[in-house]
1. Measure out, as a whole number of angstrom, how far apart the alpha-carbon centroids of segment 234-262 and segment 322-353 sit.
2. Report, by chain and number, residues whose modeled amide H sits under 5 Å from the one on LYS290, excluding near sequence neighbours (fewer than 5 apart, same chain).
3. Return the distance in nm (one decimal) between the two label points of a simple spin-label model at GLN136 and GLU88, each offset 7 Å from Cα along Cα→Cβ.
4. According to a simple spin-label model (label point 7 Å from Cα along Cα-to-Cβ), what is the distance in nm between ALA275 and HIS221?
5. Starting from segment 270-355, pick out the GluC sites (Glu not before Pro) whose DSSP state is loop and whose Cβ has at most 15 other Cβ atoms within 10 Å.
6. For the pair GLU126 and THR352, what calculated FRET efficiency results from E = 1/(1 + (r/R0)^6), where r is the Cβ-Cβ distance and R0 = 35 Å, to the nearest 0.05?
7. In nm, what is the difference between 0.36 nm times the number of residues separating SER177 and ASP153 and their Cα-Cα distance?
8. In square nanometres, what is one fourth of the surface area of the convex hull spanned by the alpha carbons of segment 166-253?
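What follows is calculated from the coordinates using simple rules that are stated; it is not laboratory data. All values derive from a computational prediction rather than experimental measurement. Note that each Cβ is placed from the backbone with ideal geometry, even for glycine, and that neighbours are counted across all protein chains shown.
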Amino acid sequence: MHPIAALRLGEHLALIINNRGLYRARAQINPKEGHYRTGSTRGSISQVSHSSQVTGTVVVVGSLNVDLVIGLDRMPEQGETVLGDTLERHAGGKGLNQAIAASRLGADVRLLGAVGDDVSGAWLRELLRADNVDDQGVATVTGPSGTALIEVDARGLNRIIVVPGANGHVSADVVGSSVRAMHGVAVVMTNGEVPLAASRAALAAGRAIGAVTMLNPAPVHDYREHLIDVDIFVPNEHEAAELSGLPTETDTEVRAAAQYFFSQGIANVVITRGAKGAIWASASGVVDVKTFEVNAIDSVAAGDAFCGGLAAALANGYEFTDALKWASAAGALAVTVRGASSSLPMRDEVQTLLQ
């Protein structure tokens, strides 16, 4: 069994909030070792330390989309028409982005999802294979592939509307049985862009085979049943506010939200906060993750880069504190390039930033 899984990282929650204006993170993590619960969330606390580079597979259950990205000076107000500057097509979807992010950072990755029987579906498969992502678990269904309409303003901030298409046909039964049949899985990661039953099945199956489970709760749904099997919970600050019912405008409020999730039995919570840094709540307390400034061009896939970076580092045996550094660096680099999957950094780029 992978060393992380053996220590049941599942009983912790790492929470780092991303306000979609992500930053180039300096990745200065408090030097404390991470502490995670063993057994159930009511169990004892043991220190995690795993410096060996043991490679396990990252399984991503999520969406694949064609992103239509409109660049504009500012977002329109309600009822207002504005002129856009550019229109571009990119590959996207949280599942595809997170899978490619993890693969580019050195992980062995399998993606479970669905595309339509259209030109877009074939194109998305080609891109996955080009980035060494195993797409055998991606079904082809009748109808269109998923599509996202993304507005990006001059500050690099964005608004996103997703039409699920084929993503709405991802089967919970197929996901559950597929994950349970896999061997050597270190991390199972999912999000809210596939049916809730499918993401719930992914987490339950991941827990059943002893893998670390990650949930990126975007978009926001009722995830209360999911949290039973979540080891790592990764919302941004807006998602954290909606899911907790607490404000997240100030540092104090974000800390309170992180502590709220921790009190629900999630051992490590990580909330990304853009240029303000990040908050990591665990049994050791609440820790600030410092940042440094970058020229943010497009924050569309920054959160996915963060999640993929975290999963890849954990699958490759890094300590949790070091995995957070990888995640922060990946998310930071992603905002410096326009597009979704096209912005995801390579391993050597992250290593250079962390030196």
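1. Rounded to whole Å, the Cα centres lie 24 Å apart.
2. Those lying under 5 Å, H to H, from LYS290 are GLN28.
3. 3.4 nm
4. The two pseudo-label positions are separated by 3.4 nm.
5. Values: sites: GLU293, GLU319, GLU349; in loops: GLU293, GLU319.
Answer in residue order: GLU293.
6. Values: r = 29 Å, r/R0 = 0.82.
Efficiency computed from Cβ-Cβ geometry: 0.75.
7. That pair, SER177 and ASP153, stretches by 4.4 nm at full extension.
8. On the way: hull surface 24.4 nm².
Directional mean of the projected Cα hull area for segment 166-253 stands at 6.1 nm².
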